[in-house]
Amino acid sequence: MLANQLTNTQEKDLSRRAFVAKAAATGGLLLGFRIPALAEQANEFSPNAFIRIGRDGRVTIIVQQVEMGQGTYTSMPMLIAEELEVHLNQVLIEHAPPNDKLYGNPALGFQATGGSTSVRVFWEPLRRAGATARCMLVSAAAQTWNVDESSCHAEDAVVTHTPTGRKLTYGELADKAATLAPPANVSLKDPKDFRLIGKAVRRLDAPNKVNGTAEFGIDVKIPGMKIATVAACPVFGGKLAHVDDTRARAVKGVRAIVRLDDAVAVIADHMGAAKKGLAGLQITWDPGQNEHLSTEDLVRQLDSASQKPGVTALREGDAAKAMAGAAKTIEAVYQLPLLAHAAMEPINCTVHVQANSCDVWVGTQVLTRAQAAAARVTGLPLERVTVHNHLIGGGFGRRLEVDSIIQAVQIAKQVDGPVKVVWTREEDIQHDVYRPYYFDRLAAGLNEAGLPVAWTHRIAGPSILARFAPSAFKNGIDSDAIDGAVGPYSFPSVLVDYVRQEPPPGLTTGWWRGVGMTHNGFMVEGFIDELAAAANIDPVHYRRALLGNAPRARSVLDLAASKAGWGEPLPAGNGRGISVIFGFGTFLAQVAEVAVDKNGHVRVQRVVCAADCGRIVNPDTVVAQVQGGIIFGITAVLYGVITIENGRVKQRNFDTYRMLRMNEAPAIEVHLVDSKEAPGGMGETGTAALAPAVVNAIFAASGKRLRMLPIDIAQLKASDRREPNSRIRKPKFERAPKYRHLCNIQMPGISDTRKRYGGCYISSFLRDGLATYKQDENAFEVQTLGRRGVLLARRRPVCWNHTPKPCSGCPSGRLAGR
Amino acid sequence: MAYQIKVNSKDHQVDVDGDTPLLWVLRDVLEMTGTKFGCGMGLCGACTVHLNGTPTRSCVTPIAAVGASVVTTIEAIGETDPGAKIQKAWLDLEVVQCGYCQSGQIMSAAALLAGNPSPSDGDIDRAMSGNICRCGTYVRIRGAIKQAAQSSAPTARRG
C-alpha cells in the first residue's frame with residue numbers, strides 16, 4: 001500500500017521533520033503517483049519535470065525510468081541528488097506519469113526503459129536538472145539576504161551564507177525560488193567532487209523488497225476489485241469458437257465469464273476461484289492457419305531465405321575478392337532459438353473502465369504506449385486514461401509490449417468495477433512475445449598467418465524494430481538485428497547483410513535481454529573462436545590481434561584473461577572459453593570455465609568478467625547486473641528453448657521451461673575498469689557475452705564446437721568426442737617453416753630494415769599478446785620489453801625478433817632459442 | 001465453507017472452497033500480498049510461507065490442509081530471530097534486484113537458518129534450489145545466508 005502511504009502523507013501535510021523521519025525510519029522507498037494537474041496546484045518549487053520541493057522541505061524526485069531490478073530508482077535519483085545537494089534519505093521517489101514530452105527517452109524517442117539506456121541518456125540531463133534547481137535555490141537565498149550568490153553554498157538541502165553562517169532550508173526557499181527564472185546555463189560538478197556518483201550507494205528500493213511491502217503491479221488492491229485469469233487460443237493467431245461455461249459458473253467465487261475474439265477470461269473473487277473456473281471451461285478453439293506450424297517450419301524458411309543475399313548493412317573493402325584470394329576460408333551456420341522471458345512476476349494488469357475514464361495499474365517499461373493502448377481500446381481520449389506505474393518483477397524486454405494491457409482493458413470493458421487480470425505461468429510461457437529465432441551464416445577468409453582478410457555475416461530473422469518502431473526500420477535494415485555483427489574487431493574487408501524473414505502472423509517476436517548484442521555476440525564470438533582454432537592460435541591472442549583499433553576491448557580482454565588464470569592447467573574434461581563484446585557503449589569480456597562430464601552434461605563452474613562501462617554511477621549495481629546477467633545467460637545456454645508443435649508452444653511452466661537454480665550457479669567474479677569515458681549501459685552486456693564464452697569453453701573441454709543453443713548434450717557424450725587433451729592449442733612452430741626468415745621491421749632506431757632472423761613467429765607474438773594486427777596498415781604492431789615496433793606483413797607474414805640473436809630477453813621465456 | 005486459519009499470530013476466517021490454495025487466500029482474500037505467485041505448481045518457491053516453521057509452497061497447499069498450523073509469512077518473518085538476521089544480511093549484501101522472488105527466498109533462507117545455524121554450501125543448495133530467481137541473485141543469496149549464519153553463530157554456540 002505504498003501509494004496509499006504517500007497519499008496519506010500528502011493529505012496530512014506532515015511537517016518536513018516528520019516526513020524525513022518516516023522516510024529514514026523505513027530506510028526505503030516511498031513510492032507515489034500523482035497526475036501533473038495536482039502538482040500544478042500545489043505550492044511547490046518545481047523547476048523541471050524531475051524535481052519538486054515543497055514548503056515543508058519535502059524533496060520529491062520523479063523517476064521516469066522504471067525500476068525492474070536494474071537499480072534506476074537509485075541511480076536516477078543519485079544523478080539529481082548529486083547536483084541538487086541533497087541526501088538520498090531526504091528524498092521521496094515518485095513514478096513518473098506517462099508523458100513523452102517530459103519524460104521521453106532521448107535514445108528511444110519516447111518514454112521507455114530498455115536497451116540499457118537509462119544512465120547513458122540521463123547522465124547529463126538529470127545532473128543538469130539537479131544543478132538548475134540548486135542554482136535557483138542559492139539565488140533565492142542570496143536575494144533574501146541581499147548578498148552575492150558566490151558567497152553562498154548548498155549542502156544537505158540547506159543554503160548557507162558562508163561568511164555569516166546564516167542558513168535557509170530548501171523548504172524555506174521554495175516559494176521564492178519558484179518565482180525565479182531557471183538559469184540558461186549551469187555548470188556541473190567536476191567528477192572529482194562527486195560525493196554520490198561512483199560510490200556504492202544502498203538501493204532505495206531494497207528495504208521494502210525484503211519485508212513484503214514493495215508493491216508490484218500484481219499486488220494492487222483497489223476496493224471492489226475482482227480477479228480474472230485468462231486463456232488465449234493456444235494456437236498462434238487462432239480464435240475462440242465456443243465456450244461451455246456451465247461448470248465454471250458453478251465454482252464458488254466465480255462471478256462472470258468474459259469472451260474475447262481470441263481468449264476467454266474467468267472473473268472471480270480470488271485467483272483460486274478464477275483458475276478453478278478456467279479449468280472448468282469447455283473451450284472450442286478455431287486454430288486458424290497455424291494449426292500445423294512447427295519450429296522445423298520456421299527453421300526451414302529461415303534456412304532457405306538465408307541462401308540468398310539480403311540487404312547490405314555494412315560493407316568495407318571487397319570481401320568477395322578478399323575471400324577468393326584467401327589462403328583458407330571457413331564457413332559456419334549459427335542458430336539461436338525462440339525464447340520466452342519468464343519474468344518472475346507473471347503478466348498482470350489491473351483496469352477500471354468507467355463511462356468517462358479508464359485507470360490502469362501495471363508495471364510497464366512503456367507508460368505512454370500503455371496509455372495509448374488503453375485509449376484505443378476504450379475509445380477514450382488520452383487524457384481520460386490514467387496509468388499508475390508500479391515496480392516491475394522482472395522485465396527483460398517482456399514489459400516493452402502492451403499486448404497483455406490491451407487484453408486486460410478488453411476484459412475490463414465487460415466488467416463492472418475494477419478487475420485485476422493475472423496470467424498463469426502457463427499462459428505467460430505460451431503467449432509471450434518471443435525472442436526471434438536467428439539463423440546466421442558467417443564466413444571468413446584467412447591469410448597464411450590465420451588472420452581474417454574477409455569477414456561476411458548474413459543475418460536472417462524477423463525484424464522486431466519494423467513492428468515496434470516502424471519509422472526506425474530504414475532501407476530494409478533492422479539496426480538491432482545487425483548490432484555487433486562484426487564484434488569489436490577490425491577486418492580488412494567486411495560484408496554484413498540482413499535477410500528479413502518473419503514468422504507467420506500470430507507469432508510475435510520481441511526484445512529479450514541483451515537484444516541484438518545477445519544474438520550477434522553469440523554468433524560472432526563463437527565464430528571468432530573457430531577461426532582462432534583454425535589458425536592454431538590461442539583464442540585470447542587471436543582476439544588481441546584483431547583489436548588494434550579497440551584498446552578498451554583489448555584491455556577488458558586482457559583483464560578477464562589474467563584474472564581467470566587463462567592458460568593455467570585444468571583437469572581433463574574442463575575448459576575455459578572467452579568472449580569480448582562491445583555493446584550499449586560498454587566493453588566487456590568474460591571467461592567461462594566449464595566441466596563436461598561423460599554423459600555430456602555441462603556445468604558452468606566459474607565466470608570471470610571484466611567490464612569497461614565508462615563512468616559508473618552505482619558500482620555495486622553494475623556488479624549485480626553482471627552477476628545476474630550471467631545467470632540469465634547460463635539459463636539460456638543450458639536450457640532455453642521455446643518449441644512450436646502444431647502451432648502451439650510445447651513448454652508450459654518451469655518444469656519444461658527450465659531455469660538455472662542455486663545449486664547450478666557458478667562462482668562469478670566481476671572486475672570493473674576505472675574509466676573516465678562516457679557511461680555505457682550495463683543491464684544487458686553480462687548476458688550478451690555469456691553464451692559464447694560457455695560454448696567456447698565447451699570446445700576447449702571437449703573438442704566439440706556447438707553452433708546452436710541451447711547446448712545439445714547428446715553431442716557432448718564422451719564416446720562421441722576427442723580426448724580432451726588431444727587438442728591443446730599450442731602453436732606448433734615446426735609445422736610452419738615457410739614463415740621463417742621473412743620479416744620487415746619498422747621501429748625506432750631500426751627503421752625499415754629488413755632482417756632475417758629465425759625465431760619467433762607472429763603467431764607466438766599474438767599468442768603472448770605482444771603483437772596486434774592493424775588492418776589499415778596491413779601490419780602487426782609489436783611491443784616487447786618496452787620497445788614498440790611495426791611489422792609490415794608482406795606477401796607472407798612474418799616473424800620478428802627484437803635482437804639479432806634468439807630472443808633470450810623476450811618476456812615470454814617460451815620463445816627463447818627457437 | 002469457512003476455514004479458520006492463524007496467520008502471523010492473527011486468526012482469520014475465510015469462506016472459500018477447501019481446495020483453494022493458501023496462496024490465494026493470503027493474497028486475494030486477506031490482502032497480504034507479500035507472498036508472491038510465480039508458477040502455481042510448487043516449482044519456483046516464490047510463494048513460500050512457513051507452516052509451523054516448515055517452509056511450504058502455499059500455491060499447492062489447499063486451505064483445507066492448513067488446519068491448526070500456524071502460518072508465518074514474509075510480513076512477519078522479521079519478528080523471528082533468523083528472519084531478522086536474514087533480512088539484515090539481504091540488505092547488507094544488496095541481494096535484491098527486481099525483488100519479486102525475494103519474499104520466497106527469505107522465507108526459505110530463514111527456515112534453513114532456524115534449523116541449521118551454520119549451513120554448508122551443500123545445505124544452502126538443498127534448501128534454496130527450490131527458489132528460482134530470474135534476476136540471478138544466487139551469488140549474493142549464498143553470501144547473505146553465510147553472513148546471517150555468522151551473525152547468529154554466537155547465539156548458537158551459547159545454546
Answer yes or no as to whether B:Q102 is facing chain A (nearest Cβ under 7 Å) and open to solvent by 10 Å² or more (accessible area, probe 1.4 Å).
-> no
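Residue check: is A:Q651 part of a helix (DSSP H, G or I) and polar (S, T, N, Q)?
On the way: part of a helix (DSSP H, G or I): no; polar (S, T, N, Q): yes.
Taking the combined requirement at face value, the residue does not satisfy it.
Can you say whether A:R705 is over 30 Å from A:A533 (Cα atoms), open to solvent by 30 Å² or more (accessible area, probe 1.4 Å) and not acidic (D, E), as far as the supplied structure shows?
On the way: over 30 Å from A:A533 (Cα atoms): no; open to solvent by 30 Å² or more (accessible area, probe 1.4 Å): yes; not acidic (D, E): yes.
Spelling it out, it is not the case that A:R705 is over 30 Å from A:A533 (Cα atoms), open to solvent by 30 Å² or more (accessible area, probe 1.4 Å) and not acidic (D, E).
Can we say B:Q87 is closer than 28 Å to A:V622 by Cα and either open to solvent by less than 10 Å² (accessible area, probe 1.4 Å) or more than 9 Å from every other protein chain (Cβ to nearest Cβ) (or both)? Walk me through it before giving the result.
Working: closer than 28 Å to A:V622 by Cα: yes; either open to solvent by less than 10 Å² (accessible area, probe 1.4 Å) or more than 9 Å from every other protein chain (Cβ to nearest Cβ) (or both): no.
Judged against the criteria, B:Q87 is not a match.
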Residue hits (segment A:493-509; of a type outside the set (A, V, I, L, M), within 13 Å of A:A320 (Cβ to Cβ) and either open to solvent by 20 Å² or more (accessible area, probe 1.4 Å) or not in a strand (DSSP E or B) (or both)) are A:S493
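For the condition more than 10 Å from chain A (Cβ to nearest Cβ) and assigned to a helix (DSSP H, G or I), what is the one hit in B:S151, B:S108?
On the way: B:S108 fails: more than 10 Å from chain A (Cβ to nearest Cβ).
Residue meeting the stated conditions: B:S151.
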Condition broken by B:Q97, with the remaining ones in (1) more than 28 Å from B:I5 (Cα to Cα); (2) crowded, with 24+ Cβ neighbours inside 10 Å; (3) away from every other protein chain (no Cβ under 11 Å) satisfied = (3)
Go through segment A:227-275 residue by residue and tally those that are under 30 Å from A:T643 (Cα atoms) and under 36 Å from the mean Cα position of the chain (by Cα).
-> 23
With respect to A:G69, is the statement that it is at pLDDT below 95 and either within 14 Å of another protein chain (Cβ to nearest Cβ) or open to solvent by 20 Å² or more (accessible area, probe 1.4 Å) (or both) true?
-> no
Test: residue in segment A:603-620 that is part of a helix (DSSP H, G or I), out of contact with any strand residue (DSSP E or B) (no Cβ under 7 Å at 6 or more places or on another chain) and under 14 Å from A:G683 (Cα atoms) | yes
When segment A:590-618 is examined, which residues are found to be within 12 Å of chain B (Cβ to nearest Cβ) and either hydroxyl-bearing (S, T, Y) or open to solvent by 30 Å² or more (accessible area, probe 1.4 Å) (or both)?
-> A:R606
A:D190 vs (1) more than 14 Å from chain B (Cβ to nearest Cβ); (2) open to solvent by less than 80 Å² (accessible area, probe 1.4 Å); (3) in contact with a helix residue (DSSP H, G or I) (Cβ under 6 Å, 6 or more places away or on another chain): all pass except (3)
Name every residue in segment B:1-17 that is facing another protein chain (nearest Cβ under 10 Å) and open to solvent by less than 20 Å² (accessible area, probe 1.4 Å), in order of residue number.
-> B:V14, B:V16
Select from segment A:526-565 the residues that are modelled with pLDDT under 95 and open to solvent by 30 Å² or more (accessible area, probe 1.4 Å) and list them in ascending order.
-> A:N549
Is there any pair linking a residue in segment B:14-41 that is touching a residue at least 24 places away in the same chain (Cβ under 8 Å) to one that is open to solvent by 20 Å² or more (accessible area, probe 1.4 Å) and of a type in the set (S, T, Y), with Cβ under 6 Å and at least six apart or on different chains, and which?
-> B:V14/B:Y3
Among A:T113, A:T74, which is part of a helix (DSSP H, G or I), closer than 27 Å to A:G397 by Cα and in contact (Cβ under 8 Å) with a residue 60 or more places away in the chain?
-> A:T74
Select, from A:G237, A:G288, the only residue that is closer than 29 Å to A:P462 by Cβ, open to solvent by 30 Å² or more (accessible area, probe 1.4 Å) and touching a helix residue (DSSP H, G or I) at 6+ places or on another chain (Cβ under 6 Å).
-> A:G237
Given the conditions (1) under 30 Å from A:A449 (Cα atoms); (2) part of a loop (DSSP other than H, G, I, E, B); (3) under 31 Å from the mean Cα position of the chain (by Cα), every one holds for A:A332 apart from (2)
In the set A:T586, A:T656, A:T643, the lone residue that is open to solvent by 20 Å² or more (accessible area, probe 1.4 Å), farther than 25 Å from B:R142 by Cα and more than 14 Å from chain B (Cβ to nearest Cβ) is A:T643
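Is one or more of the residues making up segment A:246-265 assigned to a helix (DSSP H, G or I) and surrounded by 20 or more Cβ atoms within 10 Å (Cβ to Cβ)? Can you show your working first?
Narrowing segment A:246-265 to residues assigned to a helix (DSSP H, G or I): A:246-249.
Adding the requirement that they be surrounded by 20 or more Cβ atoms within 10 Å (Cβ to Cβ) leaves A:248.
Looking for residues that are assigned to a helix (DSSP H, G or I) and surrounded by 20 or more Cβ atoms within 10 Å (Cβ to Cβ), one finds at least one in segment A:246-265, hence yes.
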Has segment B:26-39 got any residue that is assigned to a strand (DSSP E or B) and not aromatic (F, W, Y)?
-> no
Looking at (1) open to solvent by 20 Å² or more (accessible area, probe 1.4 Å); (2) within 14 Å of chain B (Cβ to nearest Cβ); (3) under 24 Å from A:D712 (Cβ atoms), can you tell me which one A:H341 breaks?
-> (1)
Of the residues A:A200, A:A177, A:A184, which is more than 14 Å from chain B (Cβ to nearest Cβ), closer than 29 Å to A:E677 by Cβ and either at pLDDT 95 or above or not in a helix (DSSP H, G or I) (or both)?
-> A:A184
How many residues are open to solvent by 20 Å² or more (accessible area, probe 1.4 Å) and of a type in the set (V, I, T) if we restrict to segment A:72-128?
-> 2
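Can you give me the ranges of the strands (runs of 3 or more DSSP E) entirely in segment A:417-485 with at least 1 residues that are open to solvent by 10 Å² or more (accessible area, probe 1.4 Å) and in contact with a Lys or Arg (Cβ under 7 Å, 6 or more places away or on another chain)? Let's see the steps before the verdict.
Details: elements: A:419-422, A:438-446, A:452-461.
Result: A:438-446, A:452-461.
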When segment B:120-148 is checked residue by residue, the ones that are hydrophobic (A, V, I, L, M, F, W, C), more than 7 Å from chain A (Cβ to nearest Cβ) and open to solvent by 10 Å² or more (accessible area, probe 1.4 Å) are B:A127
Pairs returned, first residue in segment A:375-389 that is farther than 18 Å from A:A112 by Cα and free of Cβ contacts under 8 Å to residues at least 24 places away in the same chain, second residue that is open to solvent by less than 30 Å² (accessible area, probe 1.4 Å) and part of a helix (DSSP H, G or I), beta-carbon separation under 8 angstrom, 6 or more apart or interchain, are A:P381/A:A375
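The values are calculated or read from the model by the stated rules, or taken from the named source; none is laboratory data. What you see is a predicted model; the values in this text were computed from it and never measured. All Cβ positions, glycine included, derive from the backbone under ideal geometry; neighbour counts span all protein chains shown. Areas reflect the complete protein model, heavy atoms only, side chains present, ligands, DNA and RNA absent. Shrake-Rupley method; radii C 1.70, N 1.55, O 1.52, S 1.80 Å.
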